[in-house]
1. Suppose we look only past 28 Å in the calculated P(r) of segment 5-244. What percent of the Cα-Cα pairs does that tail hold?
2. Which pairs, out of Lys15/Lys288; Lys14/Lys288; Lys271/Lys295; Lys10/Lys297; Lys314/Lys473, put more than 27 Å between their alpha-carbon atoms?
3. Run the numbers for Arg148 and Cys321: contour at 0.36 nm per residue of separation, minus the present Cα-Cα distance, in nm.
4. Tally Lys/Arg at +1 and Asp/Glu at -1 over every other residue whose Cβ is under 12 Å from the Cβ of Lys297; what's the total?
5. So, counting K/R as plus one and D/E as minus one, what does the shell of residues with Cβ under 12 Å around Ser159 add up to?
6. Around Tyr491, under 15 Å between beta carbons, what's the net of Lys plus Arg minus Asp minus Glu among the other residues?
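No value in this document is a laboratory result; all are computed from the given coordinates. All values reported here derive from a predicted model rather than from experimental measurement. Reconstructed Cβ throughout: ideal geometry from the backbone, glycine too, with neighbour counts over all protein chains shown.
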Amino acid sequence: MVGTESDQRKPIYKKVLIENCVHYCAFRYGGNGFNPYEDYLVSLCNGMSVDSARKRFVDFLQHYRPTHLGEALGLQTKLSKSYPLWALPWIDVPRHLFDKRGAWFQDPNDCPDILTHFSEVGIPEARIEEEFAWLERALESIGRAGYRPGNEHSYVCSSTLRRLDGVESHLLIDGNHRVSAMWALGEKEVLISEPPENVVAEVDIEKWPGVRSGFYGREDALRIFDAYFLGNRLPRTTEQPAKILHREDKMANPENGLYDGFYKYDAVVAKSYERDRVDEVHWRLEDKFIKKYLKNKSIDRLLDLPVGTGRFIKHYNRVQCLVGIDISEDMLREARSKIDLRPPSTLTTLKKGDVANLEYPSDEFEVTIVCRLFHLLPPEVLGSAIAELCRVTKQEIVAQSYGEGDLSHGKGGGHYLRRLRVLSSSLMAQFREKLSSIESKDPKNRPWSHIQSYSHSQSAIDSMFLLGNFRIKQSVMLDSYEGSEVRMTVYEKASPA
């Protein structure tokens, strides 16, 4: 019986040896040579001080600055020419997009990953602390509860590279921190998720897009393929260390010096905003939740903030007066193109505004919808923003959040916990203290986009709503994303005592 197209596209789940896994930069896992993530956590487990382990990791970052693919994979002298960073021969990349330094950015805060993308200006200290926080959280979380993905979207994900002799190497697309933690804790295998189409076979080399187009010679393509089996033995690409950008060096917006979310949603971001996110699972689940919440509800006045590109406007048919506010005029321009989706008899106002300073009287709106906002607000802004939302809302606030969650999802981590106990209590205290310091002084970024994000615990968000006299009516976890819980919460205004 032949399966349906849907069946054939479902991910395959399988256990693989960690020693057969490899990072995008060709750093192999399982003790097979240098791997910066794995080395950091293994060093901690072997008793090295946190400060010493961090110093070694930072030294690697400062000297791993590849300008082309050969340098990135440790093949400096083995390819016939320089190829663009991350334009792998088996990936179909349009020729006009090829740029030998395409993974380099003018603004270091625009780099999506500090191991694979770079800036001449330097490396933001906050981004380095972000890496340490993720690695240490993975170690502590998996050590406590084990690696038990909660749903199909929280598995370690990979592509399989298969040689002619059948030997496989699993190129990790997501889950590098977790796999590093598992190896450091003594685990030998990891359960991974892999789409069926994510298999690159050496036997098909002539069909690889880069080879077929003639951009890659066959020998160069094979050397790049083999690098993911042999590992990167040359992680130092320059003797000139990159500058570490401390907080006082951070590039600020010259116009207003405010946080990224206040000014980085420009025309380029707005134009592709929905297209770039429509395949996200939690994007679809957010839409489904809002649609269900509004079903059969007649609402006189509703506030949507940030209204963004107007993604929920199609669900507001029973809302008599809609007010949509966003800080970005470019996002509002996209939203205005959707006004025709509203019934002619209704009123719609889309305007620029600041969530921390709303120009409306108290109890102006029956319902307020808040989606994809809180993670863009620094702690010093979040409290005043939630207070304003509570002030102008009369009945209910529906809020999406990326709250801090458990990376491991599940139980049964006893064997990890036994391994974790070999860490001295003083060492554990050291990196717990580091985590606390990062969170209290300068919240770590999240990689949801090129715009700086902040991590807030769900309990902190709930407490801020409680201070505004709003209590939880309903709370639903939609999905997990990069160690955070994607949650929709309905807060209702408490009755006067």
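1. On the way: 9498 of 28680 pairs.
Tail fraction, whole percent: 33.
2. Values: Lys15/Lys288 33 Å; Lys14/Lys288 31 Å; Lys271/Lys295 29 Å; Lys10/Lys297 37 Å; Lys314/Lys473 25 Å.
The pairs that break the limit, which is 27 Å between Cα atoms, are Lys15/Lys288; Lys14/Lys288; Lys271/Lys295; Lys10/Lys297.
3. Numbers: separation 173, 0.36 × 173 = 62.28 nm, distance 4.57 nm.
Additional length available on full extension: 57.7 nm.
4. Values: positive: Lys291, Lys292, Lys295, Arg318; negative: Asp300, Glu366, Glu396.
Around Lys297, the surrounding residues sum to +1.
5. On the way: positive: Arg162; negative: Glu168, Asp174, Glu194, Glu197.
Neighbourhood net charge equals -3.
6. Details: positive: Arg391, Lys394, Arg471, Lys473, Arg487, Lys493; negative: Asp363, Glu366, Glu388, Glu396, Asp462, Glu492.
Taking every other residue near Tyr491 into account, the sum is 0.
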